[in-house]
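The values are calculated or read from the model by the stated rules, or taken from the named source; none is laboratory data. A quick note: this is a predicted structure, and the numbers were derived from the prediction, not measured. Positions of Cβ are backbone-derived with ideal geometry, glycine not excepted, and every protein chain shown enters the neighbour counts.
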Amino acid sequence: MAFRRRRREDAVQAEVDDAAQDELDIDDADIDDADFDDLADDLADDPGDSADDLSSPGRRPGRRGADSGSPAPAGDDSAAGPWDGAGSFPERERMDFGSLHIPAREGFEVQINMAEDQGVWIAVLRGDSGLQLQAFAAPKTSGLWDEVRQEIAEEIAKAGGDSEEAEGPFGTELHARVRTDPLENRRTQSQPVRFLGVDGPRWFLRGVISGPAARRPELARQFEEIFADVVVIRGDHPAPPRDLLEIRLPDEARAALEEQMAAEADGQVPPDPFERGPEITETR
């Protein structure tokens, strides 16, 4: 596995992120009274005892752990992920990024990407294909995916692309062709992208599959398996719906970054802001 901090223009599907992220960025004026009621309820209620939420519109009861609050035995296929960290889930090796625990798979590269207008996201890469992952706070009584999916489709259309809904392993998806910035002396091209979404208890997980895997099911399957095995750690703190859940560096990556920053503070040449950041590689 490799952990990399990368500049924005190197990120997977950066062109798509702007349109998708616009639909998840809100200000106080966009939060209605019901959403504030949810925040007040969060202060009083335990996040794990939301049994009524499982029957709410937009929820996927089979895509979260049971209410035991502990990992399920490995190989337990009684339910399907993505998993809620407050419930039970298969015990497998995962990388801890705070709100997202990403399954460790041989042959895949995992990156943390950061941009001022998009926040932080996880990218899982293999070859020319990638899966982008972000988790957001959601209301207790309804999901976000139906609404967000429509908004993303509208933004893609405004940008000159096209999209259509299709059924996939996680329910309704959005299959799109987005226009990319033209290269010198070349025409504008369209790139296929798959938007995945799952509503959990007080969280929403979005995935974006890009590259050849967006149009070839045999390549997409490996990314679908990773998406299905993600554990979302919502936490018990109140947060406005659509707020991005915190993503943080794993311990070894944070230690390497701190070491590099300390060396730079000792008087070495300041880093080039356009250079790729530190890399930590684990050989399997």
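Those strands (runs of 3 or more DSSP E) of region 146-215 in which 1 or more residues are surrounded by fewer than 22 Cβ atoms within 10 Å (Cβ to Cβ) occupy 162-168, 171-179, 190-200. With respect to Ala138, determine if the residue is closer than 29 Å to Leu257 by Cβ and touching an Asp or Glu at 6+ places or on another chain (Cβ under 9 Å). For Ala138, the condition - closer than 29 Å to Leu257 by Cβ and touching an Asp or Glu at 6+ places or on another chain (Cβ under 9 Å) - is not met. Apart from one condition, Gln189 fits all of (1) more than 26 Å from Lys158 (Cβ to Cβ); (2) modelled with pLDDT under 95; (3) not charged (D, E, K, R); the exception is (1). Please determine whether any residue of region 194-214 is among the polar types (S, T, N, Q) and farther than 22 Å from Gly81 by Cα. There is no residue in region 194-214 that is among the polar types (S, T, N, Q) and farther than 22 Å from Gly81 by Cα.
Residues that are touching an Asp or Glu at 6+ places or on another chain (Cβ under 9 Å) and not in a loop (DSSP other than H, G, I, E, B) were ranked within region 220-243; the one that is surrounded by the fewest Cβ atoms within 10 Å (Cβ to Cβ) is Val231.
If we keep just the residues of region 129-156 that are aliphatic (A, V, I, L, M) and touching a helix residue (DSSP H, G or I) at 6+ places or on another chain (Cβ under 7 Å), which is nearest to Leu174 (Cα to Cα)? Selected residue: Ile152. Within region 222-247, being of a type outside the set (Val, Ile, Thr), within 15 Å of the chain's Cα centre (by Cα) and over 20 Å from Gly130 (Cα atoms) holds for Arg234, Arg242, Asp243, Leu244, Leu245, Glu246.
Residue check: is Leu219 farther than 25 Å from Phe136 by Cβ and either within 17 Å of the chain's Cα centre (by Cα) or at pLDDT 95 or above (or both)? Walk me through it before giving the result.
Numbers: farther than 25 Å from Phe136 by Cβ: yes; either within 17 Å of the chain's Cα centre (by Cα) or at pLDDT 95 or above (or both): yes.
The answer is yes for Leu219.
From the list Asp181, Asp117, the lone residue that is in contact (Cβ under 8 Å) with a residue 40 or more places away in the chain and more than 19 Å from the chain's Cα centre (by Cα) is Asp181.
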